[in-house]
Amino acid sequence: MRTAGWQGDFVTFPAEKAPAHLRSPSNLAQHWVASSQRIREELGYKELISLDEGLRRTIAWQRQNPPSQVDSRQFDYEAEDKALAESCS
């Protein structure tokens with residue numbers, strides 16, 4: 001994401017191939033469709049700022065307000081590297 005100055009890549013995995021700490025406990029099998037058409041038509045809603053500006057502001061806020069505690073169980077880089085290597089082979 002150029003807004004954050006990040007030059008990495010996003011990698012997706014089927015749920016069964018993703019490391020356990022990255023799997024969602026939710027049932028995401030259903031289809032989701034969302035639309036803002038009605039609020040735009042009936043109330044004339046429009047974004048006040050662009051997506052890029054919203055991301056820039058959010059990133060700036062996150063950097064100024066880091067979490068006071070981090071749960072290390074959220075991170076397992078070894079498992080992520082292994083899953084990535086297996087997906088590339």
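The values are calculated or read from the model by the stated rules, or taken from the named source; none is laboratory data. Predicted, not measured: the structure shown is a model, and the values here were computed from it. Please note: Cβ atoms are built from the backbone with ideal geometry, for glycine as well, and neighbour counts cover all protein chains shown.
Brief remarks follow.
- Checking each residue of the stretch 19-37 against the condition of being closer than 28 Å to residue 63 by Cα and of a type in the set (A, V, I, L, M) gives at least one match.
- Residues (in contact with a Leu (Cβ under 8 Å, 6 or more places away or on another chain) and closer than 17 Å to residue 77 by Cα) located in the stretch 1-12: 11
- Subset of the stretch 39-54 [more than 24 Å from the chain's Cα centre (by Cα) and not in a loop (DSSP other than H, G, I, E, B)]: 39, 40, 41, 42, 43
- The stretch 18-47 residues that are farther than 19 Å from residue 83 by Cα, paired with ones that are outside any loop (DSSP other than H, G, I, E, B) and of a type in the set (Lys, Arg) (beta carbon under 8 Å, 6 or more apart): 46/40
- Flag if residue 73 is loosely packed, with under 10 Cβ neighbours inside 10 Å, in contact (Cβ under 8 Å) with a residue 12 or more places away in the chain and basic (Lys, Arg): yes
- Matching residues in the stretch 60-82 - criterion: being assigned to a loop (DSSP other than H, G, I, E, B) and either within 22 Å of residue 23 (Cβ to Cβ) or within 18 Å of the chain's Cα centre (by Cα) (or both): 66, 67, 70, 71, 75, 76
- Total residues in the stretch 18-38, condition in a helix (DSSP H, G or I) and exposed (fewer than 11 other Cβ atoms within 10 Å of the Cβ): 3
- Flag if residue 85 is surrounded by fewer than 11 Cβ atoms within 10 Å (Cβ to Cβ) and outside any loop (DSSP other than H, G, I, E, B): yes
- Looking only at the stretch 13-58, and only at residues there that are modelled with pLDDT of 85 or more and of a type in the set (S, T, N, Q), the one that is farthest from residue 76 (Cα to Cα): 37
- Qualifying residue in the stretch 10-33 (condition: more than 19 Å from the chain's Cα centre (by Cα) and among the aliphatic types (A, V, I, L, M)): no
- Taken together, the residues in the stretch 1-17 that are among the aromatic types (Phe, Trp, Tyr) and surrounded by 10 or more Cβ atoms within 10 Å (Cβ to Cβ) amount to 1.
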